[in-house]
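Taking it in order: structure first as structure tokens, then the write-up.
The values are calculated or read from the model by the stated rules, or taken from the named source; none is laboratory data. Computed from a predicted structure; not experimentally measured. Cβ: placed from backbone, ideal geometry, glycine included. Neighbour counts: every protein chain shown.
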Amino acid sequence: MTAWIKTHQSLGTHRKTLALADELGTSVPAAVGHLVLLWCWALDNAPGGFLGHIRPKTIAVAAMWRKRPGDFLAALVTAGFVDEPQDGPLSLHDWDEYAGRLMYQRARNRANVSAHRKRLQDGDAPVTSPSRVEKRREEESSEDEIPPYPPQAGGRRRSAGRRNDPVTSPVIRARIDAIEGRRETA
């Protein structure tokens, strides 16, 4: 599954981003790039947003920060992108707000796959889900029942453009005839 990170249009001008760029002594676009790289890395490597068990060098490498790793982590804390609670590990600020939905979807997918595998082991799981089978049957049956166009009594098809076609209005018939060179329109 390809994941993505939600960013806001104001990220480049946000006070925390400006503070991070200042702390790192780099440009704002570079600071935004380091942040996004860190967030993308965290989706797979720190899914709960907790960084306390991860070395500063690993965090810096993940964000492609080439200078001193301790300086990068300190700048993230100072700017407010990483929280440093007194009673817990370092964590990405408001991580649940940005990656929580993805984490929930991944957990739900793991649970569904696990349940499906258990049903397969027990012999209870169909190869194809019933909804797909029903949908295929419905599509196959509807192909046999294509109504004539335009719908008419008796189920016969009549094509527009014939002179004695009762479906075509006189105005439309006159325009068709004019196009075909039979008559001129009024």
Among (1) of a type in the set (Asp, Glu); (2) in contact with a helix residue (DSSP H, G or I) (Cβ under 8 Å, 6 or more places away or on another chain); (3) over 30 Å from Asp22 (Cβ atoms), the one test that Asp122 misses: (2)
Of (1) touching a Pro at 6+ places or on another chain (Cβ under 9 Å); (2) surrounded by 12 or more Cβ atoms within 10 Å (Cβ to Cβ), Cys40 satisfies all except one. Which? (1)
Failed item in (1) in contact with a His (Cβ under 6 Å, 6 or more places away or on another chain); (2) closer than 16 Å to Ala21 by Cβ, with Asp83 passing the rest: (2)
For Val32, state whether it is of a type outside the set (Asp, Glu), touching a Leu at 6+ places or on another chain (Cβ under 7 Å) and at pLDDT 95 or above. yes
Qualifying helices (runs of 4 or more DSSP H) (wholly inside the range 46-122; at least 1 residues being surrounded by 13 or more Cβ atoms within 10 Å (Cβ to Cβ) and modelled with pLDDT under 80): 95-122
Working carefully through the options Trp39, Trp4, find the one that is under 25 Å from the mean Cα position of the chain (by Cα) and either in a helix (DSSP H, G or I) or of a type in the set (Asp, Glu) (or both). Trp39
Hits in the range 7-36 (condition: assigned to a loop (DSSP other than H, G, I, E, B) and hydroxyl-bearing (Ser, Thr, Tyr)): Thr7, Ser10, Thr26, Ser27
